[in-house]
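Visitor: Take a look at the following structure, please.
The values are calculated or read from the model by the stated rules, or taken from the named source; none is laboratory data. Everything quoted here is computed from the prediction, not taken from an experiment. Cβ: placed from backbone, ideal geometry, glycine included. Neighbour counts: every protein chain shown. The protein model used for the area step is the full one, side chains on, heavy atoms only, and it has no ligands, DNA or RNA in it. Shrake-Rupley method; radii C 1.70, N 1.55, O 1.52, S 1.80 Å.
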Amino acid sequence: MSEIVRRDPRKEWIARNRLHPEHLDVLAELGEGAAPSEWPGPNGRIRRDPHAVGFTGPNGIKRIDRSGVQQGAGRSSAGDRGDGQPARQRVEIESPAFLVAVVPDLAGGRLSSHDRDLLGLARRLADADPQAPGAVVAIVFGEARESGFAEAGVDRLVTLDEPRLAGYAPEARIAALSAIEESLSPRHWLLPDSALGGGELGRRLAARLGERPAAGLWQIEPDAGSALGWHATCRGAAGSLDIRRDLPRVALALALAECAEPVSETVHAARPLAPPALPEAFSRVEDLGAVAVDPASVALGEAEFILAAGNGIRDWEGYHRAATALGATEGASRVAVDDGFMPRDRQVGATGTWVTARVYVAVGISGAIQHLQGIQRCDKVVAVNVDPGCDMIKRADLAVIGDSAAILEALVTRVEQARQEDGGKRDAA
Amino acid sequence: MPHETTKNAAGALDVAVLVSIGRHPVTGRTRRADQDARAVEAALALDHARVQLIHAGHHETDSEAALRGYLGMGFEALTLIEQAGDADVLPALTDALREAPPRLLLCGTRAETGEGSGLLPYLLAESLGWPIVTGLAEIERVEPEHVTLLQALPRGQRRRLRLRLPAVITVDEAAPAPRQSAFGPARRGALAVSEQASRPDTALADWTLEPARPRPKRLKVVKAASARDRFKAAAAKAEGGGGQVLTDATPEQGAEAIFKLLHEEGVLRR
Ligand SMILES: Cc1cc2nc3c(=O)[nH]c(=O)nc-3n(C[C@H](O)[C@H](O)[C@H](O)COP(=O)(O)OP(=O)(O)OC[C@H]3O[C@@H](n4cnc5c(N)ncnc54)[C@H](O)[C@@H]3O)c2cc1C
């Protein structure tokens, strides 16, 4: 069927206007009035069926929508993909005039928002001249779990998936990037200026290529007078200076910089390119693997997984045991700290630490606004509380109503059981 | 405490620390740079090490006060490679390190003044042909040919690396905080000045430097097909519910649900 939907604004208007004499006819014609809610009865009186009005909303509640979206042709207006997102334009760059190489960090195998901004910046550089568009090449180390490279604005994708590039192997990675420099010779190299990852790799690359990179880049403007046609503004001197200079070949862009918006209107090809033959690199840095860190020693603001205690904890012994068993960093509400059960440096919230944990388990915490402020940046929040109406439950992704001591104890048992099963499996294998 | 610097034991490890002039972020006064001071601290924590401090730059009263801050950490002397104010210190430093190569070179990750791009350690490592590692948390063991260290990763995690000597290691905020600088040793310490030809940094002269402007905040742009969607996005509450709530569950069922979520998120250790 054709994707293009022809709309008749007059009919839509009539469909919305319940008082219009042709309302029912038009509804029937648009296929919406299958079970009309109003009809003239046998002796001329208007009959209504209130149950036929409206539709069932996403939460199972009946909704009456008078805005016209549900009626008429609004439901599938042209260009709508059904999920409210406008369709993206497909862009294919067959013979690019030049290449923009991007090395995203891909923390956890996925594009971060920093990576997406960077790809948006790369698109700005590539699409500056519509007569001679460039192509964005993303260079990915290891197997990426990301499937949205095309939506993020990648035209070509080079995947370097070799065992010696895995882990911390900066020297092998630089050798690989140098090989790409030789085979593809991109006009621009863009990397995220993150502490480990792009920031390090980019500086190594710049030192290897003999380029003076734009570190801490946060803004670019077109400038016909400079070598690559762009002017760059970078942060220098510990963030206290702005340096305005010509954009060099290698640029390291800051997170959340206003360089460019992430790509949102186009879809690109993300066509795989065969990686070049990698030179044998002699490595003087050996990765001996991650070291187990005591979660209690991790600073609260940095912790990835926090088990936080509030005024609803009675059994403090049990709480500490649970934190140890789960391997979680301990946090606390202000009341728990003020009452002397937890040290001050464990307080989460407006007057404590603003945490960034990926998983935050709040046990016996009511969710006062001062506390919720501190956990704004947490991804997943789990609440354990006896009061089903408290604010922490509204914030939580998973809430368990019940007594904290019993639930923590059951959780410890469950985790230990899983460990034993795991151990058993490993022994058997 | 008699310091390692005075111990002239044979077989001691030669460590050089590059120190620079810092700038207090609030008052703007010169001081010892925080990361460089941490690098000095890391060097002082090594057993059997001969630690040498090196600074290349323009010598004036202001910078002398900052350099004496490092001397106050327990040093008798600091090598000062005198350079013009607009010089690129890389060639002078490379020459000095080639003449008397240490086994281990420590430095901060980024300078607090000047361009502060954090490139110098990489350029030094590249021109000396040494390996380089960033983000030192702790040096664990030094062997004649290797050094084993912990590297700081995000979220308080650590990674163990083994590095062939001679090597460059850069230090950032993850390393232990530096000791205080004592006034007496800072006054008594000597600045051993050595003149080197200075090459001006021509690229830097072409750039415009200005005080940092606040970066514009990104506005939340809602791309929506219809006015209704835009209105809904604008009026949406930041924290919509939609979470799963388990009422009337036994503690075991609740624990199972929590365990499942923790397992899916991968935060449980094995
Ligand atoms: C200026 C100012 C700054 C503040 N800054 C902070 C801050 O930074 N951080 C902070 O946390 N607070 C802060 N507060 C305090 C804040 O307003 C709340 O008082 C505090 O967060 C409440 O802590 P709570 O949730 O642990 O205690 P409560 O509000 O007493 O909540 C206890 C919860 O535990 C539940 N409960 C009770 N028994 C059990 C049980 N057996 N099992 C399970 N659940 C149970 C209850 O239902 C209740 O929801 C600040 C206040 C002010 C005025």
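Visitor: Has segment A:411-419 got any residue that is near the ligand (Cβ under 10 Å from one of its atoms) and either open to solvent by 50 Å² or more (accessible area, probe 1.4 Å) or within 8 Å of another protein chain (Cβ to nearest Cβ) (or both)?
Guide: Checked segment A:411-419: no residue is near the ligand (Cβ under 10 Å from one of its atoms) and either open to solvent by 50 Å² or more (accessible area, probe 1.4 Å) or within 8 Å of another protein chain (Cβ to nearest Cβ) (or both).
Visitor: Please specify each residue of segment A:391-404 satisfying the condition of being touching a residue at least 24 places away in the same chain (Cβ under 8 Å) and crowded, with 21+ Cβ neighbours inside 10 Å.
Guide: A:Met392, A:Ile393, A:Arg395, A:Ala396, A:Ser404
Visitor: Kindly evaluate B:Leu191 against the criterion of being part of a strand (DSSP E or B), of a type outside the set (Ser, Thr, Tyr) and touching a helix residue (DSSP H, G or I) at 6+ places or on another chain (Cβ under 7 Å).
Guide: yes
Visitor: Looking for something touching a strand residue (DSSP E or B) at 6+ places or on another chain (Cβ under 7 Å), assigned by TED's automatic domain parsing to the domain that holds B:Glu41 and in a loop (DSSP other than H, G, I, E, B) - is there at least one such residue anywhere in segment B:121-129?
Guide: We begin by selecting, within segment B:121-129, every residue touching a strand residue (DSSP E or B) at 6+ places or on another chain (Cβ under 7 Å); these are B:121-122, B:124-125.
The next check asks that each one be assigned by TED's automatic domain parsing to the domain that holds B:Glu41; those that pass are B:121-122, B:124-125.
Next, from what is left, pick out any that are in a loop (DSSP other than H, G, I, E, B): none.
Scanning segment B:121-129, I find no residue that is touching a strand residue (DSSP E or B) at 6+ places or on another chain (Cβ under 7 Å), assigned by TED's automatic domain parsing to the domain that holds B:Glu41 and in a loop (DSSP other than H, G, I, E, B), so the answer is no.
Visitor: Ok, one more. Can you tell me which residue in segment A:11-31 is least open to solvent (accessible area, probe 1.4 Å), limited to those that are at pLDDT 85 or above and among the aliphatic types (A, V, I, L, M)?
Guide: Only one residue tops the list, namely A:Ile14.
Visitor: State which residue is farthest from the chain's Cα centre (by Cα) when the search covers only segment A:352-406 and only residues that are within 15 Å of A:Ile306 (Cα to Cα), small (Gly, Ala, Ser) and more than 10 Å from chain B (Cβ to nearest Cβ).
Guide: A:Gly364
Visitor: Continuing with this model, one more query. Go through segment A:245-288 and count every residue that is more than 30 Å from B:Leu104 (Cβ to Cβ) and outside any loop (DSSP other than H, G, I, E, B).
Guide: Going through segment A:245-288 one residue at a time, the tally reaches 9.
Yes/no matrix, rows are residues, columns are (1) loosely packed, with under 13 Cβ neighbours inside 10 Å; (2) in a loop (DSSP other than H, G, I, E, B); (3) at pLDDT below 85; (4) more than 7 Å from chain A (Cβ to nearest Cβ):
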{"site": "B:Leu204", "(1), (2), (3), (4)": "no, no, yes, yes"}
{"site": "B:Glu252", "(1), (2), (3), (4)": "no, no, no, no"}
{"site": "B:Ala255", "(1), (2), (3), (4)": "no, no, no, no"}
{"site": "B:Glu264", "(1), (2), (3), (4)": "yes, no, yes, yes"}
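Visitor: How many residues, within segment B:212-226, are out of contact with any strand residue (DSSP E or B) (no Cβ under 7 Å at 6 or more places or on another chain), at pLDDT 70 or above and either open to solvent by 70 Å² or more (accessible area, probe 1.4 Å) or more than 9 Å from chain A (Cβ to nearest Cβ) (or both)?
Guide: 3
Visitor: Being open to solvent by 60 Å² or more (accessible area, probe 1.4 Å) and under 30 Å from A:Val359 (Cβ atoms): is that true of B:Arg155 here?
Guide: For B:Arg155, the condition - open to solvent by 60 Å² or more (accessible area, probe 1.4 Å) and under 30 Å from A:Val359 (Cβ atoms) - is met.
Visitor: Would you mind stating whether A:Arg75 is modelled with pLDDT under 90, outside the structural domain of A:Ala255 (by TED's automatic domain parsing) and in a helix (DSSP H, G or I)?
Guide: Working: modelled with pLDDT under 90: yes; outside the structural domain of A:Ala255 (by TED's automatic domain parsing): yes; in a helix (DSSP H, G or I): yes.
It is true that A:Arg75 is modelled with pLDDT under 90, outside the structural domain of A:Ala255 (by TED's automatic domain parsing) and in a helix (DSSP H, G or I).
Visitor: Looking at B:Glu112, B:Glu82, B:Glu76, which one is surrounded by fewer than 18 Cβ atoms within 10 Å (Cβ to Cβ), in contact with a Pro (Cβ under 9 Å, 6 or more places away or on another chain) and in contact (Cβ under 8 Å) with a residue 40 or more places away in the chain?
Guide: The match here is B:Glu76.
Visitor: If you check A:Val359 against the conditions, is it open to solvent by less than 60 Å² (accessible area, probe 1.4 Å), outside the structural domain of A:Ile393 (by TED's automatic domain parsing) and β-branched (Val, Ile, Thr)?
Guide: no
Visitor: Let me ask another. Condition check: over 18 Å from the mean Cα position of the chain (by Cα), more than 8 Å from chain A (Cβ to nearest Cβ) and crowded, with 17+ Cβ neighbours inside 10 Å. Does B:Leu136 satisfy that?
Guide: For B:Leu136, the condition - over 18 Å from the mean Cα position of the chain (by Cα), more than 8 Å from chain A (Cβ to nearest Cβ) and crowded, with 17+ Cβ neighbours inside 10 Å - is not met.
Visitor: Within segment A:154-210, can you find the residues that are of a type in the set (Ser, Thr, Tyr) and away from chain B (no Cβ under 14 Å)?
Guide: Within segment A:154-210, A:Thr159, A:Ser183, A:Ser185 meet the criteria.
Visitor: Can you pull out every residue in segment A:218-227 that is touching an Asp or Glu at 6+ places or on another chain (Cβ under 7 Å) and of a type in the set (A, V, I, L, M)?
Guide: Listed by number, the list holds a single entry, A:Ala227.
Visitor: If you don't mind, another one. What are the residues in segment A:329-342 that are within 9 Å of the ligand (Cβ to nearest atom), surrounded by 23 or more Cβ atoms within 10 Å (Cβ to Cβ) and of a type in the set (A, V, I, L, M, F, W, C), if any?
Guide: Answer for segment A:329-342, where residues must be within 9 Å of the ligand (Cβ to nearest atom), surrounded by 23 or more Cβ atoms within 10 Å (Cβ to Cβ) and of a type in the set (A, V, I, L, M, F, W, C): A:Ala332, A:Ala336.
Visitor: Restricting attention to segment B:163-188, which residues are farther than 30 Å from A:Arg284 by Cβ and either of a type in the set (Gly, Ala, Ser) or part of a helix (DSSP H, G or I) (or both)?
Guide: Across segment B:163-188, the qualifying residues are B:Ser181, B:Ala182, B:Phe183, B:Gly184, B:Pro185, B:Ala186, B:Arg187, B:Arg188.
Visitor: For segment B:86-104, state whether one or more residues are free of Cβ contacts under 8 Å to residues at least 12 places away in the same chain, in the same structural domain as B:Gly189 (by TED's automatic domain parsing) and either open to solvent by 10 Å² or more (accessible area, probe 1.4 Å) or not charged (D, E, K, R) (or both).
Guide: Within segment B:86-104, one or more residues are free of Cβ contacts under 8 Å to residues at least 12 places away in the same chain, in the same structural domain as B:Gly189 (by TED's automatic domain parsing) and either open to solvent by 10 Å² or more (accessible area, probe 1.4 Å) or not charged (D, E, K, R) (or both).
Visitor: If you scan segment A:343-393, which residues turn out to be near the ligand (Cβ under 9 Å from one of its atoms) and among the polar types (S, T, N, Q)?
Guide: Passing the criteria: A:Gln347, A:Thr351, A:Thr353, A:Ser366, A:Gln370, A:Gln373, A:Asn385.
Visitor: Which ones in segment A:139-163 are of a type in the set (A, V, I, L, M) and free of Cβ contacts under 8 Å to residues at least 60 places away in the same chain?
Guide: Our first condition is that a residue be of a type in the set (A, V, I, L, M); within segment A:139-163, this holds for A:139-140, A:144, A:150, A:152, A:154, A:157-158, A:160.
Across segment A:139-163, the qualifying residues are A:Ile139, A:Val140, A:Ala144.
Visitor: Going through A:Ala303, A:Ala232 one at a time, which residue ends up being modelled with pLDDT under 90, assigned by TED's automatic domain parsing to the domain that holds A:Ala172 and surrounded by 16 or more Cβ atoms within 10 Å (Cβ to Cβ)?
Guide: When all the criteria are applied, what remains is A:Ala232.
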